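*Asks:* I am attaching a structure below and will ask some questions about it afterwards.
Read-outs: derived from the displayed coordinates by stated rules, not from any lab. Remember, it's a predicted structure, so these values are computed and weren't measured experimentally. Using ideal geometry, Cβ is built from the backbone for each residue, glycine included, and neighbour counts are taken over all protein chains shown.
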Amino acid sequence: MEPVAPEGVNAPELPDGARRKFVHRMLNMTLGLWAMSGVAGGAYVAGQYVWPRKEAGTTGGEREVSFPVADLDAKGMVKVLVEGDPVGVFRDDDEVRAVGLVCPHLGCLVNWNKDGREMVCPCHGSRFDSHGAVLQGPSPAPLKRYEARVAGDTVVVT
Ligand code: FES
């Protein structure tokens, strides 16, 4: 049965097979776009793993933080928030050091190994010296450094 155009409408005449080619092209374009979006999504996720964010978000916390020196001696390492970023403060070589605790690889929190005098990431094994420099990857960058000074019986971190 021939399709009938509504009254007053002149349906264009299509050559034989033109409709089939048109439908095939549309279907191929749709499948192509769908495949490209899948590839792009996968590449984005892989990119987040290989090239993690450089900056963690900052929420709350002061720009300058202080606490009693006695806490440092009692705890070994004192954890504070400086502008929302977790920072570890500890003594090393009779100096007070402050190093960011967020691993630059994928953002896990590193731990201070006092005996080994290094920071160790529990997630993928990155190791950093007491200044935050990378000793072993996969971390692509050192830990963030902060200023720490002793003022009387207080440690000030900025
Ligand atoms: S998050 Fe991967 S090594 Fe620290």
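*Asks:* Could you work out the local net charge near VAL82, counting Lys and Arg as +1, Asp and Glu as -1, over the other residues with Cβ closer than 9 Å to its Cβ?
*Replies:* -3
*Asks:* Identify all aspartates and glutamates with a Cα-Cα distance to LYS75 below 15 Å; exclude those on the same chain that are fewer than 8 residues away in sequence.
*Replies:* Counting by Cα, and skipping residues close in sequence, LYS75 has these aspartates and glutamates nearby: ASP92, ASP115.
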